[in-house]
Amino acid sequence: MSTDLPVVRLRPKGEARAIRHGFPWVYVDELVLDRRTKAIAPGTMAVLEDDARRPLALVTVNPNSKIICRVMDRNAEAVIDRAWLVEKIARAAQMRDRLFGAPFYRLIHAEADGLPGVIIDRFGDVAVIQPNAAWAEAMIEDLSGALVEVTGVKTVIKNGSGRARTLEGLSEEMVTLQGGVDAPVAVQMNGATYMADVMGGQKTGLFYDQRPNHAFAAALSKEARVLDVFSHVGGFALAALAGGARSALSVDGSASALDLAEQGAKAMGMAEKFSTRKGDAFVTLEALAAEGAEYDVVICDPPAFAPAKPALQAGLRAYERVARLAAPLVAKGGYLVLCSCSHAADLSNFRAASTRGIGKAGRSSQLLHTGFAGADHPMLPQLAESGYLKSLFFRLD
C-alpha cells in the first residue's frame with residue numbers, strides 16, 4: 001500500500017460491509033474524526049480502513065461535506081491520475097456509443113460511471129462538465145484533458161453551479177476550459193430539434209434524461225392538442241410535434257428558455273403549430289382552466305420540489321397540486337403525464353401524490369406507463385438516490 005496517502009478509518013459502527021459490497025459513500029458520522037482527518041484538504045485522496053485497520057478502498061475526502069468520503073477505487077493502491085480518468089471515460093463512452101447513433105448524450109453520470117460527483121453531457125463537439133465533488137474541482141484540468149483525449153471534443157465548458165456544489169462547499173463559476181461556443185447547440189432527439197444553451201441554460205443546457213419519456217409521450221400525441229408545462233426548451237412539446245401533434249403550447253417561467261423552444265420549432269419547420277406562454281406554472285394552469293382550455297395530452301415536468309428529505313412533505317403537496325390543476329385540462333379519454341426529478345420523493349410517494357391530485361380534480365384515471373431516465377443515466381444499485389426521475393402516464397376519464 002502506498003505510504004504517501006493519508007489514512008482514514010471507519011468507526012466500529014461504520015458500514016464496512018456496505019463499502020465492501022459496493023456502497024460508494026461514507027457519511028461524516030461513520031468516520032473517525034480526529035484532528036488529522038479534519039485537517040485533510042477537500043478533494044484529497046486517502047486510503048479508507050475499517051475499524052480493524054484493514055484497507056477497504058481508495059477514497060476522496062472532503063471534511064466540509066456530510067458525505068465525507070467517496071469511493072474512487074476498490075483497489076486501495078490505485079493511482080488516480082489522467083490515465084485512470086481516461087479509462088473511466090472510455091468505458092462510459094463505449095457503452096453510450098453502442099446505444100446512440102450520434103454523440104449527444106450524458107457521457108458520465110457520477111458514481112454510476114465511476115467518477116463520483118461528476119456529470120458530463122456531450123453535445124457533439126461540445127462537452128459540459130459539472131464537477132460537483134471537491135476532487136473533481138481539484139483535478140479539473142486532468143478531467144478536461146482526459147475527456148478530450150477520449151472523445152476528441154473541441155469545446156469543454158465547466159459548469160460550476162447548483163445545489164450539489166454548495167453541499168460540497170464549492171463556489172459557483174462558469175468557465176470555458178477549451179475552445180468556445182457563441183450560439184446554442186442544435187441537438188437532434190426523437191425526431192425533434194432542441195437548442196441547448198450550454199453557457200447560460202439550466203444545468204448543462206438540455207435534459208437528456210427524459211429522452212425515452214419524450215418518445216413515449218410523442219407516441220400518444222399523433223393529431224393531439226398538447227400542453228407542455230414547465231417546458232424548459234420545449235422538451236415534451238417539440239417531441240410531440242415530431243410525433244405528429246396537431247398543436248403544442250409550451251408554458252415556462254423563463255423567456256429565454258421559451259425563445260430557445262421557438263428556435264427549435266422553427267428549425268423543425270413546425271413554427272406554425274407551436275406557441276408559448278410565459279408565466280408561473282400554477283397561475284397559468286388556473287388561468288387556462290378559467291378560459292375553458294382543453295387538451296388531448298397534458299404534460300407537467302416541474303423542477304425538483306423535494307430535492308432533500310426536509311422538503312419531502314411540502315414537495316409532495318406541490319406535486320399533488322400540479323396534478324389537481326392539470327387534470328381538468330385533459331379531454332375525456334386524454335392523457336396526463338406527471339414527472340418528478342426529486343431525489344427525496346420515491347416512486348410510491350410521487351404516485352400517491354399524483355393520484356390524490358387527479359382524484360381531487362374529480363377525474364378517474366388509469367396508470368398506463370411509468371418511465372424513468374434513459375440508459376445514459378445508469379443507476380448504481382446500492383445508491384437508491386440515483387433513481388431520481390419518475391414519469392407517470394395516465395389516461396383520464
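Observations on the structure shown:
- Here the scattering of the range 162-238 is modelled by Debye summation over its C-alpha atoms, one equal scatterer each and no solvent; at q = 0.15, 0.17, 0.22 Å⁻¹ the log10 of I(q)/I(0) is -0.66, -0.79, -1.05.
- For residue 88, the aspartates and glutamates whose Cα comes closer than 19 Å to its Cα, not counting residues fewer than 8 places off in the same chain, are 73, 77, 97, 111, 113, 121, 137, 141, 142, 149, 376.
- Spin-label zone in the range 64-79 - amide nitrogen under 20 Å from a point set 7 Å from the Cα of residue 51 along the C-beta vector: 68-69
- Using the Cα coordinates of the range 70-174, the gyration tensor eigenvalues translate into equivalent-ellipsoid semi-axes of 20, 18, 12 Å, sorted from longest to shortest.
- Counting charges near residue 283 (Lys, Arg +1; Asp, Glu -1) among other residues having Cβ under 13 Å from its Cβ returns a value of -1.
- Mean ellipticity per residue at 222 nm, deg cm²/dmol - from DSSP H runs of n ≥ 4 across the chain, formula -39500 (n - 2.57): -9000 deg cm²/dmol
- Straight-line cross-link partners of residue 203 among the lysines, defined as a Cα under 18 Å from its Cα and at least 8 positions apart when in the same chain: 158.
- For the range 146-202, the share of accessible area belonging to carbon and sulfur comes to 49 percent (1.4 Å probe, ligands and nucleic acids excluded).
- With contacts taken as Cα pairs under 8 Å and at least 6 residues apart, the chain reaches a relative contact order of 10 percent.
- Neighbour net charge for residue 361 - beta-carbon separation under 14 angstrom, K R +1, D E -1: +2
- Whole-number percent relative contact order across the range 94-167, with pairs defined as alpha carbons under 8 Å at least 6 apart: 24
- Amide N proximity, the range 36-62 versus residue 77 label position 7 Å along Cα-to-Cβ, cut-off under 20 Å: 45-50, 53-60
- Nearest-20 debye value, the range 239-307 charge dipole, Cβ charges on Lys, Arg, Asp, Glu: 220
- The range 53-92: Rg to Rh, with Rh as the Kirkwood radius over Cα pairs: 1.04
- Long hydrophobic helices in the chain: the complete DSSP H runs spanning 24 Å or more by Cα along their own axis with mean Kyte-Doolittle hydropathy of at least -0.5 are 82-99.
- Residue-normalised accessible area of the chain, given per residue in Å² at a 1.4 Å probe: 42
- Only lysines eight or more places from residue 309 in sequence, or on another chain, were considered; those with a Cα closer than 18 Å are 66, 390.
- Antiparallel DSSP beta bridges within the chain, as percent of all bridges there, nearest 5: 65
- The chain: Cα Rg divided by the 2.2 N^0.38 Å rule of thumb: 1.05
- Considering only 7, 133, 110, the residue lying farthest towards the positive end of the dipole of the range 1-141 is 7, judged by Cα position with unit charges set on Cβ.
- Share of carbon and sulfur in the accessible heavy-atom surface of the range 1-59 [1.4 Å probe, %]: 51
The values are calculated or read from the model by the stated rules, or taken from the named source; none is laboratory data. Owing to the predicted nature of the structure, the values given are computational and were not obtained by experimental measurement. Counting neighbours? That spans all protein chains shown, and the Cβs are built from the backbone with ideal geometry, glycine included. SASA here: full protein model, heavy atoms, side chains in, ligands and nucleic acids out. Shrake-Rupley method; radii C 1.70, N 1.55, O 1.52, S 1.80 Å.
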